[in-house]
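So the structure is just underneath, and the comments pick up after that.
Each reported figure results from applying straightforward, stated rules to the coordinates on display, with no laboratory input. Not measured: the values here are computed from a predicted model. When we count neighbours, we look across all protein chains shown, and the Cβ atoms used for this are built from the backbone with ideal geometry, even at glycine.
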Amino acid sequence: MKRRVQPIDAAKASRWAQRLSTRVGKILAAHPDADPDNVRHTLILLEQPPLERLQRSLIRGRATAIFRK
Amino acid sequence: MAAPLPFSESELRLLQVLLKRKVRFMVVGLSAATLQGAPVVTQDVDLWFENLGELKISRALQEVGAAYVPPSNFNPPMLAGAGAELFDIVLRMDGLKSFAEEIKNCVDVPLGRQKLKVLSLERILASKIAANRAKDKLTIPVLRDALAAMQTLKRRAKKK
């Protein structure tokens, strides 16, 4: 099934990235040893519904397994 | 109901039948972590059953054309048959308390009209630290950071 892609304009994308960066910064202030990439990816995933997160994980996990063979 | 992501019709049916028959199980491991937002990858969905010998389980599996295969040589305990291949069976969890204790630390993830019990990220991290296999060592920092992020978000939400 083809998914319809919602277009996003540059200004909206920039605002989203800025908000994300601010949130990452606040978490790193509380947890200075945390890896910024791990924190950022977590925040991005939290914007998705749980089952979609699992689907993304399974797709990437299986692709990695095939690549290794 | 159309199968929700990421399950096929038969995988969804298996979970629904287990839930309908009130089999006590929970999703554990990295699939449970990813359901809660941890940025990790996995190839399967680990299920921990309170009592694999329960008649309710074999009846549920029969109903969907699947069966439990006990461990042998290089094979872990498995489910076989239609829609069962995605799921792995976990017999014990390193570093955790009994199933009855740990189910209290579960979060509910909606699955259609039902709810899947999913082991909390905190307890998944505890089990990975206890297991301490090479593959666990790779994921521990990621789980730890994801947990830190979520705990900070929760604390901030409580303050508001």
Out of B:Ala148, B:Ser8, A:Ser57 - ranked by how far each Cα lies towards the positive end of the dipole of the protein assembly as shown, with unit charges on the beta-carbon of charged residues - the top one is B:Ala148
Using R₀ = 45 Å, calculate the FRET efficiency as 1/(1 + (r/R₀)^6) where r is the Cβ-Cβ separation of B:Asn132 and A:Ser14; round to 0.05. 0.60
Between the DSSP loop rule and a limit of at most 10 other Cβ atoms within 10 Å, which trypsin sites (Lys or Arg not before Pro) in the range B:20-54 are left? B:Lys22
Packing-based exposure ordering (other Cβ within 10 Å, fewest first) of B:Val69, B:Val28: B:Val69, B:Val28
Any number yet on Rg/Rh for the protein assembly as shown, C-alpha, Kirkwood? 0.99
DSSP beta bridges in the protein assembly as shown [antiparallel fraction, %, rounded to 5]: 75
Counting Lys +1, Arg +1, Asp -1, Glu -1, what net charge surrounds B:Asn75 among other residues with beta carbon under 13 Å of its beta carbon? -2
FRET efficiency for B:Glu122 and A:Thr22, Cβ-Cβ distance as r, R0 = 25 Å, nearest 0.05? 0.45
Let me check I have the definition right: for chain B, take the eigenvalues of the Cα gyration tensor, multiply each by 5, take square roots. What are those semi-axes in whole Å, largest first? 27, 19, 14
Packing-based exposure ordering (other Cβ within 10 Å, fewest first) of B:Phe99, B:Phe25, B:Phe87: B:Phe99, B:Phe87, B:Phe25
For B:Asp46, what residues show an amide H to amide H distance below 5 Å, using hydrogens built from the backbone and excluding near sequence neighbours? B:Val28, B:Ser31, B:Ala32, B:Asp88
Going by average Cβ neighbours within 10 Å, how do the peptides A:33-41, B:38-46 rank, with the highest at the top? B:38-46, A:33-41
Per residue of the range B:62-77, what does 6.51 cos²θ - 1.76 cosθ + 1.60 with θ = phi - 60° give for ³J(HN,Hα)? Whole Hz please, x for Gly and Pro, Karplus curve as stated. 4, 4, 9, x, 10, 8, 8, 10, x, x, 7, 6, 8, 8, x, x
Average beta carbon contacts from partner chains per residue of B:40-53, 10 Å cutoff: 3
